[in-house]
1. Given the options 47, 42, name the one that is in contact with a helix residue (DSSP H, G or I) (Cβ under 7 Å, 6 or more places away or on another chain) and within 16 Å of ligand 1 (Cβ to nearest atom).
2. Scan the stretch 217-228 for residues that are within 14 Å of ligand 2 (Cβ to nearest atom) and buried (at least 17 other Cβ atoms within 10 Å of the Cβ) and report the count.
3. Have a look at 174, 158 and point out the one that is more than 22 Å from residue 205 (Cβ to Cβ) and touching a strand residue (DSSP E or B) at 6+ places or on another chain (Cβ under 8 Å).
4. Just the residues that are in a helix (DSSP H, G or I), touching a strand residue (DSSP E or B) at 6+ places or on another chain (Cβ under 9 Å) and either without any contact (Cβ under 8 Å) to a residue 12 or more places away in the chain or over 14 Å from residue 94 (Cα atoms) (or both), please, taken from the stretch 30-52.
5. From the list 189, 206, exactly one residue is modelled with pLDDT of 95 or more, within 14 Å of ligand 2 (Cβ to nearest atom) and under 29 Å from residue 354 (Cβ atoms). Which is it?
6. If you check residue 302 against the conditions, is it out of contact with any helix residue (DSSP H, G or I) (no Cβ under 9 Å at 6 or more places or on another chain), buried (at least 18 other Cβ atoms within 10 Å of the Cβ) and within 30 Å of residue 181 (Cβ to Cβ)?
7. For the structure I just gave you, tell me whether residue 345 is at negative phi and in a strand (DSSP E or B).
8. Quick check: is even one residue across the stretch 228-249 in contact with a helix residue (DSSP H, G or I) (Cβ under 7 Å, 6 or more places away or on another chain), more than 14 Å from ligand 1 (Cβ to nearest atom) and within 21 Å of residue 331 (Cβ to Cβ)?
Ligand SMILES: NC(=O)c1ccc[n+]([C@@H]2O[C@H](COP(=O)([O-])OP(=O)(O)OC[C@H]3O[C@@H](n4cnc5c(N)ncnc54)[C@H](O)[C@@H]3O)[C@@H](O)[C@H]2O)c1
Ligand SMILES: O=c1ccn([C@@H]2O[C@H](COP(=O)(O)OP(=O)(O)O[C@H]3OC[C@@H](O)[C@H](O)[C@H]3O)[C@@H](O)[C@H]2O)c(=O)[nH]1
């Protein structure tokens, strides 16, 4: 660790980071990286710490004096400003960010992604502290290409679908499609942060993650989360595979996504943390444009990979189609395609993703099998006995 330099050859000084939402999927991987590979201190803020317990206990851990957990709900806790003042940098990850909530709990979604983030921006701005704020690729909404006729050759032209931070428009559906409550709240907080930078000199970086996936993402319904809960697609499909039931393809699984391995993405965040001069004032897409699949192809690949890592053959009907209304309820809508343009992050931070979709699914599904297969077996045998 000693003598580590930034991208411009300057020594990296140890800093204190106030990480809000540190107990979540991304937060847990970022804390792990910061503890194992850097000298920085983390004030970890969250309402729960299950996913970072292994970093907090026992007290004999090598980094024990560099991480502190603060159980705080940022909606209503006056300790937040003090923690932001103690830190050099604040990273805000806290959010409701599962699509099943956007149309069924739109008020909670808007409050979480806009109103609750406001004091964080304000405290950073007033106290002259740097902010890295987590937004989303959903701010792009739908592609321009989605509005072209189905057989238009222009649909194959990247101008109509590649998503660029400084050029692409944000295209959402009508208000009654409440799916867009999340994207719209994220867009407005981005605009507010950008304006704080322009008018009051706030030093900020905005991150737009494109479907980061890996171990510890969300929960497996009925095991470490509510039985009726609907997590994001990786956990939904993992749950189906573990229970040997068909994977559900919403509206035929035609939507396209690019998936990136969480460990590749965390490398990009660390570069932002340690290279403020290159990261401040920028909005960064963080994704893997080479890992594009339709949701149907994702389901097929996960089925194949799971068979390999579990040693179990796949079931006779591996997928079934369901309507979005049946799966998510009224007001759902979808992004058609998400390819990140990588020019800005490449130029500023020299970062590129490395891991192929097959490889990242292999390590992630190995983790899912090891972590959950036994618990699912027990839960299922209990249900059959009753
Ligand atoms: N994972 C992805 O691919 C992805 C994609 C786009 C955007 N993002 C954004 O990245 C951020 C982190 O996402 P994640 O995947 O780690 O989600 P996550 O749900 O695993 O983590 C969010 C964490 O924030 C905490 N939190 C929420 N509200 C809080 C509050 N009021 N007070 C304190 N803690 C609170 C939650 O308890 C949770 O631990 C979010 O802002 C999300 O919108 C993630
Ligand atoms: O069981 C399932 C779950 C999901 N899906 C589909 O799979 C696709 C991906 O779904 P995800 O749950 O991962 O969520 P999305 O990619 O739509 O949005 C995510 O993107 C970026 C972040 O801001 C959020 O974490 C989330 O909004 C969608 O088209 C969805 O309809 C299924 O077909 N079956």
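1. Details: 47 fails: in contact with a helix residue (DSSP H, G or I) (Cβ under 7 Å, 6 or more places away or on another chain).
Among 47, 42, only 42 is in contact with a helix residue (DSSP H, G or I) (Cβ under 7 Å, 6 or more places away or on another chain) and within 16 Å of ligand 1 (Cβ to nearest atom).
2. Count: 5.
3. On the way: 174 fails: touching a strand residue (DSSP E or B) at 6+ places or on another chain (Cβ under 8 Å).
Criteria check complete, one pass: 158.
4. So the first thing to find is which residues in the stretch 30-52 are in a helix (DSSP H, G or I), and the list is 30-37, 50-52.
When the remaining residues are screened for being touching a strand residue (DSSP E or B) at 6+ places or on another chain (Cβ under 9 Å), the result is 30-31, 34-35, 52.
Answer for the stretch 30-52, where residues must be in a helix (DSSP H, G or I), touching a strand residue (DSSP E or B) at 6+ places or on another chain (Cβ under 9 Å) and either without any contact (Cβ under 8 Å) to a residue 12 or more places away in the chain or over 14 Å from residue 94 (Cα atoms) (or both): 31, 34, 35, 52.
5. Details: 189 fails: under 29 Å from residue 354 (Cβ atoms).
Result of the check over 189, 206: 206.
6. Working: out of contact with any helix residue (DSSP H, G or I) (no Cβ under 9 Å at 6 or more places or on another chain): no; buried (at least 18 other Cβ atoms within 10 Å of the Cβ): yes; within 30 Å of residue 181 (Cβ to Cβ): yes.
No.
7. Numbers: at negative phi: yes; in a strand (DSSP E or B): no.
Criteria not met by residue 345.
8. yes
The values are calculated or read from the model by the stated rules, or taken from the named source; none is laboratory data. Just so it is clear, the model here is predicted, and its values are computed rather than measured. Quick reminder, even Gly has a Cβ in these numbers, built from the backbone with ideal geometry, and neighbours come from all protein chains shown.
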